[in-house]
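J.: Got a structure for you, questions after.
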Amino acid sequence: MNIIVLAKQTFDTEEKIVIEQGTISEDGVKFVLNPYDEYAVEQAIQLRDEHGGRVTVIAIGPERAAEALRTALAMGADDAVLIDDGGAALDEHTVAQILYAHVGQQAYDLILGGNFSVDNGSGQVAIRLAKLLGIPHVGSITKLVIQDRQAEVERDAEGDTERLTVALPALFTAQQGLNEPRYPSLQGIMKAKRKPFQQLSLADFDSPSIVSASQEPLTARVAVFSPPPRQAGKRLSGTPSEQTQQLIELLQTEAKLFT
């Protein structure tokens, strides 16, 4: 079973976001493998160990994104591919086009990815790629069993659970609860540091759709700004009846909940 995992390098969720001149500063920031992609890598490794085959992890990003791939290799992935974006501001449409140009030429039985990335949180790339490839897509899965070229999956549906049967090849995105990602061993980390992986650039894809998408993305980031600082709360005093009246007045005059 050949399994492809879509990965992305993102800010560590513990990092403080600093905005300078309308952009997010990356000075001294720690980057990690997107947490939801860790579930995808873990599931791919488990399925490979059960059914045989290989796990290939693909990431699009700058040169530093190689560290995210090293993490996946240290966890147990077999191969990795880094597509250097050359610092271009790629939207989800363009990323999906690039992945399609590469993945569409590969032999695969299954594609896994994270439910969304913790930086942009759009959750669009996987479903766009599935559409381009013409294969089924199921998002937010919390269980995946492969048998006889079919996938039995459960997915989180806003507090409920949906159960589906999907023919392979198919694409699935992982939700928290699918598994417990392993910590890379010291031996795995050392092997990952020495293991070569394929490095490509946008110039390697002779595709008019990619050139067009790179030059004219379908979406653009207009502005980046921090939310206003949270104001201090108010303490109501007096009897319960007086506090109730004060609360009603605040909801009416400040929160504008009713007139």
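The values are calculated or read from the model by the stated rules, or taken from the named source; none is laboratory data. What you see is a predicted model, and the numbers here were worked out from it, not measured in a lab. Cβ: placed from backbone, ideal geometry, glycine included. Neighbour counts: every protein chain shown. SASA here: full protein model, heavy atoms, side chains in, ligands and nucleic acids out. Shrake-Rupley method; radii C 1.70, N 1.55, O 1.52, S 1.80 Å.
J.: Does the stretch 127-156 hold any residues that are within 19 Å of G177 (Cα to Cα) and aliphatic (A, V, I, L, M), and which are they?
T.: Narrowing the stretch 127-156 to residues within 19 Å of G177 (Cα to Cα): 137-146, 151-156.
Across the stretch 127-156, the qualifying residues are V138, I141, L144, V145, I146, A151, V153.
J.: Also, quick follow-up: Quick one: A192 ticks every box in (1) of a type in the set (A, V, I, L, M, F, W, C); (2) at pLDDT 85 or above; (3) part of a loop (DSSP other than H, G, I, E, B) bar one, so which box is it?
T.: (3)
J.: Still on this structure, please answer the following. Does T94 meet the test of being under 22 Å from G134 (Cβ atoms) and of a type in the set (S, T, Y)?
T.: Judged against the criteria, T94 is a match.
J.: Then there's this: Is there any pair with a first residue in the stretch 166-185 that is open to solvent by less than 40 Å² (accessible area, probe 1.4 Å) and a second that is in a loop (DSSP other than H, G, I, E, B) and modelled with pLDDT under 95 whose Cβ atoms are under 8 Å apart and which are 6 or more apart or on different chains, and what are they?
T.: L168/R149; T173/N115; T173/F116; T173/G123; A174/N115; Q175/N115
J.: How about the stretch 237-247: which of its residues are in a helix (DSSP H, G or I) and open to solvent by 70 Å² or more (accessible area, probe 1.4 Å)? If you could, list the steps in order and put the result at the bottom.
T.: Taking the stretch 237-247 first, the residues in a helix (DSSP H, G or I) are 240-247.
Within the stretch 237-247, P240, S241, E242, T244, Q245, L247 qualify.
J.: May I pose another question? Being in contact (Cβ under 8 Å) with a residue 12 or more places away in the chain and open to solvent by 60 Å² or more (accessible area, probe 1.4 Å): is that true of R155 here?
T.: no
J.: Further question on the same structure: Being outside the structural domain of A74 (by TED's automatic domain parsing) and β-branched (V, I, T) narrows it down to one of T165, T161, T219, so name that one.
T.: Exactly one residue qualifies, and that residue is T219.
J.: Still on this structure, I have one more. Identify the residue in the stretch 136-175 that is in a strand (DSSP E or B) and among the charged types (D, E, K, R) and, among all such residues, is farthest from M1 (Cα to Cα).
T.: D160
J.: Please state which one of V145, V138 is of a type outside the set (S, T, Y) and open to solvent by less than 40 Å² (accessible area, probe 1.4 Å).
T.: Residue meeting the stated conditions: V138.
J.: Which of the residues spanning the stretch 90-122 are small (G, A, S) and either out of contact with any strand residue (DSSP E or B) (no Cβ under 7 Å at 6 or more places or on another chain) or buried (at least 20 other Cβ atoms within 10 Å of the Cβ) (or both)?
T.: Residues satisfying the conditions are A96, A101, G104, G113, G114, S117, G121, S122.
J.: In the stretch 118-135, how many are outside any helix (DSSP H, G or I) and at pLDDT 95 or above?
T.: Of the residues in that region, 2 qualify.
J.: Please go through (1) of a type in the set (S, T, N, Q); (2) surrounded by 12 or more Cβ atoms within 10 Å (Cβ to Cβ); (3) at pLDDT 90 or above for S209 and return the number of the only condition it doesn't satisfy.
T.: (3)
J.: Still on this structure, I have one more. Which numbered condition trips up V103, out of (1) under 19 Å from the mean Cα position of the chain (by Cα); (2) under 19 Å from G188 (Cα atoms); (3) not basic (K, R)?
T.: Result: V103 passes all but (2).
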